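A short reminder: the numbers here are calculations on the coordinates, not readings from a lab. All of these numbers come straight from a predicted model, not from anything done at the bench. FYI the Cβ positions are ideal-geometry reconstructions off the backbone, even for glycines, and counts take in every protein chain you see.
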Amino acid sequence: MASLKDVAKLASVSLMTVSRAINNPEKLNKETYTRVKQAIEQLNYVPDLSARKIRGDSSGPRAIGVLALETAMTPFSVELLQAIEKTAQHHGWNTFIVNLFDDKDPDHAINTLLSYRPNGIIYTTMGLRKVDLPEKLLEKNLVLANCISDSEQLACYIPDDYLGQYQAMQQVIKKGYQKPLCIFLSEKTLAGNTRRKAAERAWLDAGNNLKDMVSYHTQTNQQNITQEYMLTIDILKKHCHKKPDFDVLICGNDRIAFLAYQYLLGQGFHIPKDVAVLGYDNMVGTGELFYPPLSTIQLPHYEIGEQAALHIITGKTNKETTYIASPYLPRESL
């Protein structure tokens, strides 16, 4: 790889002149700048931004480092990473992503990220969760996206799962459904507990009896997702004989809704004529693939990534949890 010295030699100028051509071209005459530019292009020279930071040179573009705990593994969570990168580019910043696949031993990934001297760090996760953060990160300009931590007070941007589920449940009630069957995410997840509390509160606030709402939780089994979600089928079999004993199915996420569609339609039931279905997530590319299209709640991954990036770019100093709206998306299944 070509160095600054190689460019200077080919252009027959000093190292300082090459540096000025890169950072302050207006200080050079046109002929000298053109000669340096041609040498850079001929050698395919790329400035070493990390070296600049080590020397304390702040003339180059600023950068956000992203520690992505399994975030790139799902199509809907990848929106979060896309938002960070697009927001950074719009403001003239760079981004680089280091993936974490096992949060039990993150030292190598974290050290790699820190070696590039980012101006700020965003820690992201697949699925809202609580994370344990090493001390070396707490000393940095750190923002959490789609996760929270007990380590110390930090700026966190997370979906407003409670309000999203509450408002969607209000729509269920407004449409006159009286016998909801709920299959929430695992009780071991933050989303599973929060969404159940929100659904139950909306039901009670409308003057209904909680005994009329039948609720289950799936089990968390990352090694066997099929087994986890096949529990949905077992639950539906229990409540579907000649006809469903419920009039609306509240699903913990769109994957549960997808399985429910297959089972209900396979049994000859019609959606929403015989039973309505409500999802959660608005998983990328799938909402309109359901037939009929699935009513669901939007997980605001893009907005979370955007706000986390802006927190660093605009130099915000507040350290608190910010809840990003999760809007209800009405479609034909409800």
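Summary table
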item: Amide H contacts of Ser215 (H built 1.01 Å from N, under 5 Å, at least 5 apart or other chain); result: Cys182
item: Cα-based shape type of segment 233-300, given that a ≥ b ≥ c are square roots of the gyration tensor eigenvalues and the cut on a/c is 1.5; result: prolate
item: Net charge contributed by nearby residues that have their C-beta within less than 11 Å of Val7 (K/R +1, D/E -1); result: +2
item: Alpha-carbon radius of gyration plus Dmax, which is the widest Cα pair, for segment 161-297 in Å; result: 13.8, 41
item: Residue-count net charge about Cys182 - beta-carbon cut-off 12 Å; Lys, Arg +1, Asp, Glu -1; result: +2
item: For the chain, share of DSSP beta bridges that run antiparallel, in % to the nearest 5; result: 5
item: Unsatisfied cross-links (Cα-Cα over 25 Å) in the set Lys242/Lys273; Lys140/Lys316; Lys86/Lys316; Lys188/Lys211; Lys86/Lys136; Lys175/Lys211; result: Lys86/Lys136
item: Ordering of 118-127, 308-317, 205-214, 134-143 by burial proxy (mean other Cβ atoms within 10 Å per residue, highest first); result: 118-127, 308-317, 134-143, 205-214
item: For the chain: relative contact order, % (alpha-carbon pairs under 8 angstrom, 6 or more apart); result: 18
item: Hull shadow area, averaged, the chain [alpha-carbon convex hull, nm²]; result: 21.0
item: Gaussian network model of the chain, springs between alpha carbon atoms under 10 Å - residue of Val248, Val78, Val13 with greatest fluctuation; result: Val13
